[in-house]
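What follows is a short report on a single structure.
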Amino acid sequence: MPELRSAVQDLTAGTSPVPDLTDPRSFLPEPPYQVWAALRRSGRLHYQEREGAPGFHSVTRYRDIDRVLRDSAGFSSEWGMTLDSALGVHDPAAGKMIELTDPPRHQRLRRLVSGGLNRSVARTMDGVLRERVQRWVEQAVADGETDFVRSVSERVPAAATGLLLGLPEREWDRLADRAGRALCGSLAVDDERVGDLDARRHSTATANGQLLVHLAGLLDHAELAEEGLIRRLLDAELDGDRLTREEVLLNCLNLAIAGNETTKNATTGGLLAFAGNPEQWQRLRRRPELLDQAVEEVLRYTTPPLHFTRTVLEPRTVAGTALRPGELLCLWMPSANRDEEVFPDPDDFRIERNPNPHLAFTSGKHFCLGAPLARLEIRLVLEALLTHVESIHLLGAPVRRPTNLVTAYASLPVALRRCTRS
Ligand code: HEM
């Protein structure tokens, strides 16, 4: 690909513009891996101005991203965690919603939420999810040709989150659908307004409002499972401290959003990776003891969250740039996970990769609370596929949704060829 090579050389030399990283269309048909690679090689931060919103520094190297994530005294999550929401004002949910809260208040929320989450995860693991995943994968294999997103990968986190929160089954898909819109908005790929910040914000704000109203109704749902997370959060008490109803609501919103699109897209991207690397699928079939490593490689290679923002609280220097309080950093997570300083041949999908210190769940104080559940879900899907599927064939290009927040798939048409022994 000589054109690509010369574009990358231009970029490294500073003679070629970096595409607009706020525009979701710059992330289609796939994230700008080559642009990030060139930025990593430059060793510098890249600054982008925005009209009507604060400009931001792009951070692309693993070591810089890891350092920023671990330094919560220097960098805050309370001024918005995404480019579209970080507009230079303190987020109204800061201090109440776990992901948008800095220490020391973060520690309080984390202790209260994780107490409920850990107990509920144990319950979720008790076979219900495994049985469902086996059933959905069996059906997809029986159908022969399938849209993997619809038949399997969106159903697994919808069920896991529904079980986790203690919702009746008829609520699972509805909540997942609302959570997906709240994160990615509802603008279509070919809608011109996708490039417009106000239109995107309107779309996600409307969906967030609907999700909040929906969740508020669920808090009083008569059929909430006693051991589900909603009941546990409403009752949670630690040293006399309790969550307010508003905090329960906002943290359920956080969980619903954090738990759905991420896992769905890790599973979809994982299947796509195996389809493109059939020798890796055959290796996993021969050596199922590599399953845990395969899950980690799926997480690294797909890295569902594309970016997080942090706002500078105290003067710091990152990659040679002196940063002043109030400046905005954008951490490009797939770039960290494809940094050649840490991962040899980072663009290769290799299930035996070891060590694999990926940042798909980030690092530091906000390390994903749902990581054990996310790993379980991906593992259950791979296990079910291993039982039934000899080979995976793409039937067409995957369709991605227009967003720079997560690598989101709308559909993935595949043929799953059945094992002769299944
Ligand atoms: C493959 C699936 C997942 C990925 C890649 C993922 C990734 C992440 C990342 C990167 C963060 C940190 C954000 C930051 O540093 O600002 C995070 C936080 C969080 N995640 Fe996940 N997540 C996944 C699944 C889940 C699931 C299944 C749940 C629970 C249902 C969950 C719940 C949370 C919560 C509550 C936080 C906030 C933790 C805090 O701020 O202390 N995640 N996740």
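So if I check each of Leu331, Leu385, which one is among the hydrophobic types (A, V, I, L, M, F, W, C), within 30 Å of Asp84 (Cβ to Cβ) and touching a Leu at 6+ places or on another chain (Cβ under 9 Å)? Within the list Leu331, Leu385, the selection yields Leu331.
Look at Thr321 and say whether it is surrounded by 23 or more Cβ atoms within 10 Å (Cβ to Cβ) and among the β-branched types (Val, Ile, Thr). Even if it seems obvious, please write down each step before you answer.
Working: surrounded by 23 or more Cβ atoms within 10 Å (Cβ to Cβ): no; among the β-branched types (Val, Ile, Thr): yes.
When the stated conditions are applied, Thr321 does not pass them.
Pro31 satisfies every condition listed in (1) assigned to a helix (DSSP H, G or I); (2) closer than 30 Å to Ser411 by Cβ except (1).
Scanning the range 86-99 for residues being under 21 Å from the mean Cα position of the chain (by Cα) and without any contact (Cβ under 8 Å) to a residue 60 or more places away in the chain gives a total of 2.
For residues that are surrounded by fewer than 20 Cβ atoms within 10 Å (Cβ to Cβ) and either touching a residue at least 24 places away in the same chain (Cβ under 8 Å) or not hydroxyl-bearing (Ser, Thr, Tyr) (or both), tally how many sit in the range 173-195.
Start the filter on the range 173-195 by keeping residues that are surrounded by fewer than 20 Cβ atoms within 10 Å (Cβ to Cβ), which leaves 173-174, 177, 181, 186, 188-193, 195.
Imposing the further condition that a residue be either touching a residue at least 24 places away in the same chain (Cβ under 8 Å) or not hydroxyl-bearing (Ser, Thr, Tyr) (or both) reduces the set to 173-174, 177, 181, 188-193, 195.
Counting residues in the range 173-195 that are surrounded by fewer than 20 Cβ atoms within 10 Å (Cβ to Cβ) and either touching a residue at least 24 places away in the same chain (Cβ under 8 Å) or not hydroxyl-bearing (Ser, Thr, Tyr) (or both) gives 11.
For the range 135-188, the tally of residues that are part of a strand (DSSP E or B) and of a type in the set (Asp, Glu) stands at 2.
Can you name every residue in the range 80-119 that is under 30 Å from Glu169 (Cα atoms) and within 9 Å of the ligand (Cβ to nearest atom)? Steps first, answer last, please.
So the first thing to find is which residues in the range 80-119 are under 30 Å from Glu169 (Cα atoms), and the list is 93, 96-100, 109-119.
Hits for the range 80-119 are Met97, Ile98, Glu99, Leu100, Leu109, Arg110, Val113, Ser114, Leu117.
Exactly one residue among Ala397, Ala360 is part of a loop (DSSP other than H, G, I, E, B), modelled with pLDDT of 95 or more and under 27 Å from Arg41 (Cβ atoms), and that residue is Ala360. Report, by residue number, each residue of the range 103-135 that is buried (at least 16 other Cβ atoms within 10 Å of the Cβ) and without any contact (Cβ under 8 Å) to a residue 40 or more places away in the chain. Matches in the range 103-135: Arg132 only. Within the range 22-42, none of the residues are under 25 Å from Glu341 (Cβ atoms), within 12 Å of the ligand (Cβ to nearest atom) and either touching a residue at least 60 places away in the same chain (Cβ under 8 Å) or surrounded by fewer than 19 Cβ atoms within 10 Å (Cβ to Cβ) (or both). Can we say Leu212 is in contact (Cβ under 8 Å) with a residue 12 or more places away in the chain and either within 23 Å of Leu306 (Cα to Cα) or crowded, with 22+ Cβ neighbours inside 10 Å (or both)? The answer is no for Leu212.
Report yes if Asp198 is surrounded by fewer than 14 Cβ atoms within 10 Å (Cβ to Cβ) and not in a helix (DSSP H, G or I), otherwise no. Criteria not met by Asp198.
The values are calculated or read from the model by the stated rules, or taken from the named source; none is laboratory data. In this text the structure is predicted, and so the values were computed from the model without any measurement. Please note: Cβ atoms are built from the backbone with ideal geometry, for glycine as well, and neighbour counts cover all protein chains shown.
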